[in-house]
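**Q** Here you go, one structure.
The values are calculated or read from the model by the stated rules, or taken from the named source; none is laboratory data. On a predicted model such as this, the values are computed, not experimentally measured, just so you know. When we count neighbours, we look across all protein chains shown, and the Cβ atoms used for this are built from the backbone with ideal geometry, even at glycine. Please note that ligands, DNA and RNA were not included when accessible areas were found on the heavy atoms of the full protein model with its side chains. Shrake-Rupley method; radii C 1.70, N 1.55, O 1.52, S 1.80 Å.
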Amino acid sequence: MKYSLAFILCIAFLCSCTETKTYEILIKNGQILDGSGKPSYVGDIGINADTIAAIGTLENAKGLQEIDATGLAVAPGFINMLSWATESLIEDGKSQSDIRQGVTLEVFGEGYSMGPVTDASIKAIREIGYGNIAYNFEWETLGEYLEFLTKKGVSPNVASFVGATTLRINTMGFEDRAPNDEEMEQMKNMVKKAMEEGALGIGSALIYAPGFYASTEELIELCKVASAYDGMYISHMRSEGNQLLESLDELIRIASEANIRAEVYHLKMAGKDNWNKFEAVVSKIDSTRAAGLHITANMYNYTAGATGLNAAMPPWVQEGGFDKWKERLLDPKIRKQLIKEMTTPTKEWENYMMAVESYDDILLIGFKNDSLKYLTGKSLAEVAKMRKTSPEETAMDLVIQDGSRVGTVYFLMSEENVKKQIALPYMSFGSDEESSAPEGVFLEASNHPRAYGNVARLLGKYVRDEKVISLEEAIYKLTGLPASNLKIKKRGALKTGYYADLAIFNPNEIQDHATFGKPQQFSTGMVHVFVNGKQVLKDGEHTGALPGQVVRGPGWKGNQD
């Protein structure tokens with residue numbers, strides 16, 4: 001019997017339509033939020049190895065592992081634009097507080113970076129870091145540090161800016177002066193090497209010594225080097241309060257003169273007297289963006305920030321590093337001068353002690369000295385009353401006695417401004433915290449609740465409950481937007497050929513539970529998380545998998561796809 005060619009082709013087509021396609025992992029019937037901000041749809045995702053192999057309506061598909069995502073949101077893994085998990089991941093690579101919120105990429109580098117390091121910067125990192133985590137510096141460069149993490153084993157992917165503060169310490173220590181030509185060249189060479197190792201750009205923190213000592217011109221010159229590698233400048237600006245608008249002008253000038261994309265770390269209007277500056281800030285950013293400069297911002301979803309008691313003291317007293325700072329705090333004449341400066345409004349430096357409404361709004365959360373840990377969670381006002389000393393004297397004494405800046409929470413912002421910032425089209429999110437778990441060494445200090453709840457608070461409180469923005473927009477701001485800003489490849493979206501970083505959660509149940517009184521409480525509602533195709537969260541519980549990889553910026557000289 002003979003068959004026509006048309007008949008044969010028709011039979012072949014029908015057979016191909018019913019052919020079963022098998023994937024290593026098949027996620028079925030999920031509400032797909034692809035990271036673009038476009039409306040969600042019900043669909044399936046097939047994963048092979050570390051890659052999204054197919055997405056859409058995958059009829060006749062099977063998976064070696066299948067997940068029924070009916071009623072669940074399926075999104076790209078979330079990007080934490082400001083992470084301080086630099087040391088917590090050394091202690092525990094599982095990154096539980098963030099993985100349980102769907103964070104699959106931790107981005108480091110606010111002022112300090114874990115490379116390049118010298119003896120001076122190692123000492124400085126230990127002074128500001130988590131004092132109870134013991135580790136050796138088995139690396140020198142930033143690229144070596146990131147590779148150290150992934151070789152040791154971490155659940156999330158990791159990336160970093162090179163810290164402008166670190167560059168300065170490596171070159172000049174804690175000296176309050178401009179670099180000479182040779183020192184400037186040394187810093188530029190460090191930027192060049194870091195960018196070629198995959199740094200995302202340059203990160204600064206300009207309210208703290210010694211970052212405060214850097215001039216605008218110094219930062220422009222460093223950013224010109226990063227710009228040549230298509231990097232970004234990201235900054236904790238010189239002021240977030242009394243000089244907020246002037247500090248934003250500085251960031252815009254750096255972006256313009258260095259021809260570099262720029263982002264504001266944790267945008268805020270700090271201090272009640274500055275809450276009314278929201279519209280002026282937005283107007284300035286909008287006009288700059290309209291003129292062609294790429295300016296963006298990130299934030300955490302709380303009305304309080306966290307830093308140290310160093311943010312309540314002028315930069316001059318901290319010149320030379322902690323030992324010199326402590327020495328000055330022991331001098332009666334200097335203490336008298338400090339009390340005056342700590343209680344006098346100024347535009348010369350950022351004084352968080354003056355930005356709060358009362359000393360009850362300053363919480364002490366991080367001590368290194370065991371004999372002081374009983375004070376954890378108490379306000380500066382409480383401790384001052386206990387000691388029968390002024391709040392200013394108490395702050396100085398605690399720094400001396402603890403041998404550290406003392407981890408501190410300051411209530412600075414308005415809830416109204418938090419909501420308005422979330423709605424800004426160029427806003428992404430960062431916890432400004434470590435990623436840890438309520439166990440072991442992590443119980444020896446407290447946290448800001450953003451360490452355990454920043455993303456879940458956005459998706460639960462502000463998206464589902466208060467409807468500040470849509471779920472699609474929130475996912476875009478957690479994924480596609482930051483990935484685009486950072487110019488990282490094949491992440492931040494659900495697309496065929498992209499890395500299989502996924503967050504699968506119940507939008508009706510996602511919820512933060514961490515409070516300022518009890519901050520070390522996991523968020524709930526995240527069901528499954530995948531990093532590079534490996535499941536790190538299954539049915540809400542960590543699997544122990546450590547598949548995180550280094551994510552590098554556009555200047556990397558390696559063989560990145």
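**Q** So how far apart, in nm, are the two label points at Gln401 and Asn60 if each is 7 Å from Cα heading toward Cβ?
**A** A separation of 7.5 nm, rounded to one decimal place.
**Q** Another one. At 0.36 nm per residue, minus the direct Cα-Cα distance, what do Glu466 and Ala49 gain on full extension? Give it in nm, one decimal, please. Before the final figure, lay out each step's value.
**A** Working: separation 417, 0.36 × 417 = 150.12 nm, distance 3.87 nm.
In short, 146.3 nm is gained.
**Q** Quick check on region 475-537: what are the equivalent-ellipsoid semi-axes from the Cα gyration tensor, as sqrt(5λ), descending, whole Å?
**A** Working: eigenvalues 133, 44, 22 Å².
Taking √(5λ) for each eigenvalue gives 26, 15, 11 Å, largest first.
**Q** Here's another thing I want to ask about it. How much of the accessible area of the chain, in percent, comes from carbon and sulfur atoms when a 1.4 Å probe is used? Could you put the intermediate results ahead of the total?
**A** On the way: 10710 of 21490 Å².
About 50 percent, which is the carbon plus sulfur part of the accessible surface.
**Q** For region 329-334, take each phi angle, set θ = phi - 60°, evaluate the Karplus expression 6.51 cos²θ - 1.76 cosθ + 1.60, and give the result in whole Hz per residue in order, putting x for glycine and proline.
**A** In residue order, the calculated couplings are 5, 8, 8, x, 5, 5 Hz.
**Q** If amide hydrogens are placed 1.01 Å from N in the peptide plane, which non-local residues have theirs closer than 5 Å to the one on Tyr233?
**A** Counting only residues 5 or more places away or on other chains, the set is Ile202, Arg261, Ala262, Glu263.
**Q** For helix 119-128, what angle does its Cα long axis make with the longest principal axis of the chain, in degrees from 0 to 90 and rounded to 10?
**A** The answer is roughly 90 degrees.
**Q** Please list 259-270, 415-426, 138-149 highest first by mean number of surrounding beta-carbon atoms within 10 Å per residue.
**A** On the way: 259-270: 23.4, 415-426: 16.2, 138-149: 19.8.
Packing order, densest peptide first, comes out as 259-270, 138-149, 415-426.
**Q** Using a cut-off of 13 Å between alpha-carbon atoms, which aspartates and glutamates can reach Lys62, once sequence neighbours fewer than 8 places away in the same chain are excluded?
**A** Of all the aspartates and glutamates, those that pass the test against Lys62 - Cα under 13 Å, at least 8 places apart if same chain - are Glu19, Glu24, Asp44.
**Q** Figure the gain on full extension for Lys340 and Ser358 (residue separation times 0.36 nm, minus the Cα-Cα span) and round it to one decimal in nm.
**A** Length gained, Lys340 through Ser358: 4.8 nm.
**Q** Quick one: putting +1 on the C-beta of Lys and Arg, -1 on the C-beta of Asp and Glu, what dipole do you get for the chain around its Cα centre, in Debye to the nearest 20?
**A** Numbers: 58 positive and 74 negative charges, 162 e Å.
The calculated dipole for the chain is roughly 780 debye.
**Q** So with the 1.4 Å probe, I'd like the accessible area per residue for the chain, rounded to whole Å². Show your work: numbers first, answer last.
**A** Details: 21490 Å² over 561 residues.
Here the per-residue accessible area is 38 Å².
**Q** To continue, here is another question. Testing the spin-label approximation: label points 7 Å from Cα along Cα→Cβ at Ser390 and Thr496. State their distance in nm.
**A** 7.0 nm
**Q** If you don't mind, there's one more thing I want to ask. Local charge sum around Asn298 (other residues, Cβ-Cβ under 14 Å, Lys/Arg +1, Asp/Glu -1)?
**A** Values: positive: Arg261, Lys268, Arg450, Lys477; negative: Glu106, Glu110, Glu240, Glu263, Asp432, Glu433.
Charge balance near Asn298 sits at -2.
**Q** Right, something else. What is the angle, in °, between the Cα long axis of helix 278-290 and the longest principal axis of the Cα atoms in the chain? Nearest 10 is fine, range 0 to 90.
**A** Once rounded, one gets 60 degrees.
**Q** In addition: What ranking do 395-403, 159-167, 319-327, 70-78 get when scored by the average of other Cβ atoms within 10 Å per residue, highest first?
**A** Details: 395-403: 20.1, 159-167: 29.0, 319-327: 16.4, 70-78: 24.0.
Result, highest mean first: 159-167, 70-78, 395-403, 319-327.
**Q** Also: Kindly provide the helix-only [θ] at 222 nm of the chain, computed as the sum of -39,500 (n - 2.57) over DSSP H runs of four or more divided by all residues, to the nearest 500 deg cm²/dmol?
**A** Details: 19 runs with 181 residues, N = 561.
Only helices count here, giving -9500 deg cm²/dmol.
**Q** Let me ask something else. Can you list the residues, at least 5 places off or on another chain, whose amide H is less than 5 Å from the amide H of Ala61, using H built in the peptide plane?
**A** For Ala61, the qualifying residues are Lys21.
**Q** Using the Karplus equation 6.51 cos²θ - 1.76 cosθ + 1.60 (θ = phi - 60°), what ³J(HN,Hα) coupling, rounded to whole Hz, does each residue of region 397-410 give in order, writing x for Gly and Pro?
**A** Karplus values, whole Hz, x for Gly and Pro: 5, 5, 4, 4, 6, 8, x, 7, 6, 6, x, 9, 9, 10.
**Q** Still on this model: Sort Thr496, Thr343 by heavy-atom solvent-accessible area, probe 1.4 angstrom, most to least. Don't skip to the end; give the middle numbers.
**A** Details: Thr496 90, Thr343 60 Å².
Ranked from most to least accessible, the order is Thr496, Thr343.
**Q** When averaged across all projection directions, what area in nm² does the alpha-carbon convex hull of region 102-220 cover?
**A** On the way: hull surface 31.0 nm².
Seen from a random direction, the Cα hull of region 102-220 projects 7.7 nm² on average.
**Q** Okay, next question. Would you please give the residues with an amide H less than 5 Å from that of Val527, counting only those at least 5 places away or on a separate chain, with H modeled from the backbone geometry?
**A** Distant-sequence amide H within range of Val527: Ile504, Phe505, Asn506.
**Q** Counting Lys and Arg as +1 and Asp and Glu as -1, what is the net charge of the other residues whose Cβ lies under 12 Å from the Cβ of His266? Please report the intermediate quantities before stating the final value.
**A** On the way: positive: Lys268, Arg450; negative: Glu110, Glu240, Glu263, Asp432, Glu433.
With Lys, Arg at +1 and Asp, Glu at -1, the net is -3.
**Q** A further question on this structure: Per 10 Å bin from zero, what fraction in whole % of the C-alpha pairs of region 153-267 is there, up to the bin with the longest pair?
**A** That works out to 15, 48, 31, 6, 0, in percent per bin.
**Q** Turning to a different aspect of this structure: Cα to Cα, under 30 Å, and not fewer than 8 places away if on the same chain: which lysines meet these conditions relative to Lys385?
**A** In chain and number order, the partners are Lys272, Lys324, Lys326, Lys333, Lys336, Lys340, Lys347, Lys368, Lys373, Lys518.
**Q** Turning to a different aspect of this structure: To check my understanding: the extent here is largest minus smallest coordinate of the Cα atoms along each principal axis. What are those three numbers for region 34-185, in Å, largest first?
**A** Cα spread of region 34-185 along its principal axes, largest to smallest: 66, 32, 23 Å.
**Q** While we're looking at this one, here's another question. Report, to the nearest 10°, how far helix 142-152 tilts away from the longest principal axis of the Cα atoms in the chain, using its own Cα long axis and a range of 0 to 90°.
**A** In the chain, helix 142-152 runs at an angle near 60 degrees to the longest axis.
**Q** Also, quick follow-up: Please report, for the Cα atoms of the chain, the Rg to one decimal and the Dmax as a whole number; what are they, in angstrom?
**A** Reported Rg and Dmax, both Å: 24.5, 109.
**Q** Towards the positive end of the charge dipole of the chain, with charges on Cβ (+1 Lys, Arg; -1 Asp, Glu), say which of Leu471, Val154, Pro547 has the farthest Cα.
**A** Leu471
**Q** Considering only C-alpha atoms, what is the centroid distance from region 311-341 to region 465-501, in Å?
**A** A separation of 44 Å, based on Cα centres.
**Q** Points 7 angstrom from Cα along the Cβ direction at Glu19 and Thr216: gap in nanometres?
**A** Those two pseudo-labels are separated by 6.3 nm.
**Q** Can you list the HN-Hα couplings for region 384-396, worked out from phi with the Karplus curve (6.51, -1.76, 1.60; θ = phi - 60°), rounded to whole Hz and with x for Gly and Pro?
**A** Taking θ as phi minus 60°, the curve returns 4, 5, 4, 8, 6, 10, 5, x, 5, 5, 4, 4, 5 Hz for region 384-396.
**Q** Taking every alpha carbon pair in region 115-171, what does the distance histogram look like in 5 angstrom bins from 0, in percent?
**A** Cα pair-distance distribution for region 115-171, in percent: 4, 17, 27, 27, 20, 5, 1.
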